[in-house]
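Trainee: Below is the structure I would like to discuss, written out as structure tokens.
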Amino acid sequence: MKTLNYILVLLIAFSSTMCNSSKKDNEEIISTETTSKTEKHQYKTLSANDSLKLINHEIEIKGDIEFPLQLTVDSLRKMKVVVIDNFKIMGKNGEIKKEIKTCKGVLLRDILEKAKIKQNGNKDRNFYIVARASDDYKATFSWAEIFNNPTGENTFILFEENGKSIKNGEMIAICKNDIKTGPRHVYWLKSIEVYKVK
Ligand SMILES: Nc1nc2c(c(=O)[nH]1)N[C@H]1C(S)=C(S)[C@@H](COP(=O)(O)O)O[C@H]1N2
Ligand SMILES: [Mo]
């Protein structure tokens, strides 16, 4: 009987620590969300001068690749250029944030083929690709999405909008077949980074 009581006490103690820890996790999630919202708001109120500082004239292709590249709008123009019409940027709640009548870009796949991912045989396919902006906003793609999925035909680095250079730019990453196109629409693009899954 004594042992039974002892086990019961232990169980109660254990379950209460579990409750506390999950509560703490929730609190942490809520607090990070609040900070990122505040940060996002700060970007909206950036002065014209400060937002100019976020513009990159070239993007760096780096990580687990054979040929690190620095690409400018001019170097993208020399690649296979694709025209994309009526591209809608949709926020996470489904709201249309922006509609671009026509824009020009290059497939991310073509860029990665140029940079050549360092693969060790044909079963070495576990890589992730990060499109990172100068405000450290980022979007992630996987090797399989780009090289073995229709997403490969739909992921572009844009360099021109409606016949003009891109203002939030100079280059933007987009994924045309995402359900909500906002999250993987990365303006102020700074680098494309390839990493092997460890
Ligand atoms: N560099 C950068 N790109 C970004 C963001 C950002 O904060 N920084 N916001 C993203 C989000 S959440 C959306 S919905 C779209 C459209 O954002 P906008 O409302 O700032 O134009 O861009 C995305 N690209
Ligand atoms: Mo968003």
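Trainee: If I ask for residues that are within 20 Å of K62 (Cβ to Cβ), in a loop (DSSP other than H, G, I, E, B) and either in contact with a Cys (Cβ under 7 Å, 6 or more places away or on another chain) or near ligand 1 (Cβ under 8 Å from one of its atoms) (or both), which ones from the stretch 171-198 would you list?
Mentor: First, pick out the residues of the stretch 171-198 that are within 20 Å of K62 (Cβ to Cβ): 171-173, 184, 186-198.
Now narrow it down to the ones that are in a loop (DSSP other than H, G, I, E, B): 171, 184, 187-188, 197-198.
R184, Y187, W188 - these are the residues of the stretch 171-198 that are within 20 Å of K62 (Cβ to Cβ), in a loop (DSSP other than H, G, I, E, B) and either in contact with a Cys (Cβ under 7 Å, 6 or more places away or on another chain) or near ligand 1 (Cβ under 8 Å from one of its atoms) (or both).
Trainee: Name the single residue that is farthest from A144 (Cα to Cα) among those in the stretch 160-198 being open to solvent by 40 Å² or more (accessible area, probe 1.4 Å) and within 16 Å of ligand 2 (Cβ to nearest atom).
Mentor: Let us first name the residues in the stretch 160-198 that are open to solvent by 40 Å² or more (accessible area, probe 1.4 Å), namely 162-165, 167-168, 170, 176-177, 179-180, 183, 187, 190, 195-198.
From what is left, the residues that are within 16 Å of ligand 2 (Cβ to nearest atom) are 168, 179-180, 183, 187.
Numbers: N168: 29, I179: 18, K180: 20, P183: 19, Y187: 24 Å.
In this case the residue turns out to be N168.
Trainee: Has the stretch 160-170 got at least one residue that is assigned to a strand (DSSP E or B) and of a type in the set (A, V, I, L, M, F, W, C)?
Mentor: Of all residues in the stretch 160-170, those assigned to a strand (DSSP E or B) come to 160-161, 164-165.
Of the ones still in play, those that are also of a type in the set (A, V, I, L, M, F, W, C) are none.
There is no residue in the stretch 160-170 that is assigned to a strand (DSSP E or B) and of a type in the set (A, V, I, L, M, F, W, C).
Trainee: Could you list, in sequence order, all residues of the stretch 88-136 that are open to solvent by 80 Å² or more (accessible area, probe 1.4 Å), more than 15 Å from ligand 1 (Cβ to nearest atom) and among the basic types (K, R)?
Mentor: Answer for the stretch 88-136, where residues must be open to solvent by 80 Å² or more (accessible area, probe 1.4 Å), more than 15 Å from ligand 1 (Cβ to nearest atom) and among the basic types (K, R): K101, K114, K116, K118, K123, R125.
Trainee: If I ask for residues that are touching a Ser or Thr at 6+ places or on another chain (Cβ under 7 Å) and either within 11 Å of ligand 2 (Cβ to nearest atom) or free of Cβ contacts under 8 Å to residues at least 40 places away in the same chain (or both), which ones from the stretch 77-96 would you list?
Mentor: Within the stretch 77-96, V83, D85, I89, M90 qualify.
Trainee: Considering only residues of the stretch 78-87 that are loosely packed, with under 12 Cβ neighbours inside 10 Å and closer than 15 Å to L158 by Cβ, which is nearest to ligand 1 (Cβ to nearest atom)? Can you show your working first?
Mentor: Of the residues in the stretch 78-87, the ones loosely packed, with under 12 Cβ neighbours inside 10 Å are 78, 80, 83, 85-86.
Of the ones still in play, those that are also closer than 15 Å to L158 by Cβ are 80, 83, 85-86.
Details: K80: 25, V83: 21, D85: 19, N86: 17 Å.
That would be N86.
Trainee: Answer yes or no as to whether K167 is in the same structural domain as L71 (by TED's automatic domain parsing), within 13 Å of ligand 1 (Cβ to nearest atom), without any contact (Cβ under 8 Å) to a residue 60 or more places away in the chain and over 17 Å from C103 (Cα atoms).
Mentor: Working: in the same structural domain as L71 (by TED's automatic domain parsing): yes; within 13 Å of ligand 1 (Cβ to nearest atom): yes; without any contact (Cβ under 8 Å) to a residue 60 or more places away in the chain: yes; over 17 Å from C103 (Cα atoms): no.
So K167 does not fit the description; no.
The values are calculated or read from the model by the stated rules, or taken from the named source; none is laboratory data. Here the structure is a predicted model, which is why all the values come from computation and not from measurement. Please note: Cβ atoms are built from the backbone with ideal geometry, for glycine as well, and neighbour counts cover all protein chains shown. Heavy atoms of the whole protein, side chains included, go into the accessibility calculation; ligands, DNA and RNA do not. Shrake-Rupley method; radii C 1.70, N 1.55, O 1.52, S 1.80 Å.
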